[in-house]
Structures are given as structure tokens and as C-alpha cells.
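A quick write-up on the structure given underneath.
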């Protein structure tokens, strides 16, 4: 993919501090227990929770996957540079906090285009010289990959970790594979991609639940939020070697809560928890 950027998705327009428009970042933060949201965001959260009371488990499953994947790569890969696209509002256990616990010299660039996210992030990172916030539309790869902050602090001739966690389901249309292809092409061999996406497991009960949430997101003021199938998600990660997701499952897409869980489950994964899936994969 090159030349003109893809047709904009509704979620590409930054919401910022506009209290009349719901924000993906604020809604996600709200489901994780954060307080930085407006009534318009709470209205969307209520609609989702009324339709699917367990919907909070999607946000929690996604966040747990991010945390475990970062911990794994920081400890096992020894890679020292991370590009986190669509980082959202800072919450507990952000990417840089996890990876710098293993390697204090790890460099992390957070990329977002929401002014509220950028302001919160910059305040949080003021005293950390190895972590930076940058502003760009993550669905326009050249804007990210050629950003002056990215080019200054990341070396594309060396392996890095690219994170697109809970992002591409807010991209409307069929252009997701082309977006991710451009990112993957820019990575050096030995790099890793951490990726999660709203998931339609194509099981009647779960598909019905996924469609309930999708209908609220796509046909409401958000304008985006697609639950895609396994084949549709895997099409966004071409040519990568998928890391084994747990001790008993062969490499492939799995529900986020099943990606190297921290010990045996004492409670079953909720129905909604089966509708967010993740992958960690390596560029050969």
C-alpha cells in the first residue's frame, strides 16, 4: 500500500475534549475502571452493558493479553524498542512500565491522534527519557513510520516490537490487511507483532453476542467496531510465524484470556471473553 492514505474510518477523526462525541479511548478506559470519560461515553458504555452485561470482560481480556505479551517479549526476546500504536489513555501497567521492568533501557514510542490521550501521556512520561508520545493516524502507516519522533528514537534496521492491540477493529472496510502489510514490510527480520481484535468465533451463541455489540458501536455515534472472523484476522498478519499461545495449543489465533494465562483458571472464561482474540507473531 502506498501513495494516498486509505478512505478514512469514522474512528480516525480525533475526538479530543469534545464532550458531545464518544471517544474510543475514554470508553475503553471506563471499562477498565478509569474516570476520564464524559456522559456521552457513559451512554455508550451503558448501551453495551445492557445488551451484554459481560462486555467489560472484552476490555479486561484485551488488557491482560497486552500485559502478558509485553512481559514475555521483554524477558524472552531481548528486543529494546517498541512501537505501540493506538496506545489510548494511560492506565496501570502500561507498555513501558512492563518492558522497562525487565530492561530499563528499553525505548517505547506511543502513537495516538487523540489530544486527550496525548496530553495525559506526555504528563505521565515527562521524566522518562526512553519513552515518548507521538501524534499520527495509526491507520495511515506512512504517517507513523516516517514520524520524526519514531525515526529519531527507533532503528528500523534492528528488530522491534510493533503493538496493534485493539485497534484494527475500529477500521471500517476491507483495508485492514493492507494497513498491516505496510507496517510488517517496514519491520526488520526478528521483529515481533502483538495484535488483538474483536473476534467472531462463528459459534451461533457467540456470534449473536458479537453482533449485538457491533451493532451498538457501528450504528451508534462511535461509527466503528467490527467483530471479524479468524480468517479475516489472520489475513492482517501475512508472512509471520505465530508464537505458540500456551502450553497445550498449536500456534494460531486464540481468545486473549488463553494467551499464556498466569496459571490455571479457577473460573471459566465468560461468553463475552471469547469475543476478543490475540496473536504474538515473529517476522522471519
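What to note about this one:
- Sum of -39500 (n - 2.57) over DSSP H runs of 4+, divided by residues of the chain (222 nm, nearest 500): -11000 deg cm²/dmol
- By DSSP, the beta bridges lying fully in the chain are antiparallel in about 35 percent of cases.
- Sorting 154-166, 55-67 by their mean Cβ neighbour count within 10 Å, with the most densely packed peptide first, gives 55-67, 154-166.
- Rounded FRET efficiency, nearest 0.05, which uses the C-beta distance separating residue 32 from residue 122 and R0 of 22 Å: 0.60
- Full extension of the chain between residue 105 and residue 205 gives 31.4 nm of extra length, using 0.36 nm per residue less the Cα-Cα distance.
- Length-normalised contact order of the stretch 53-201 in % [C-alpha pairs under 8 Å, at least 6 apart]: 23
- In plain terms, the residue of 266, 89, 234 with the fewest other Cβ atoms within 10 Å comes first and the most crowded comes last, giving 266, 234, 89.
- Efficiency of FRET between residue 76 and residue 235 - r from beta-carbon atoms, R0 22 angstrom, step 0.05: 0.25
- At an R0 of 25 angstrom, the distance between the Cβ atoms of residue 247 and residue 267 translates into a FRET efficiency of 0.85.
Read-outs: derived from the displayed coordinates by stated rules, not from any lab. The model shown is predicted, which means the values in this text are computed figures rather than measured ones. All Cβ positions, even for glycine, are placed from backbone atoms using ideal geometry, and neighbour counts span all protein chains on display.
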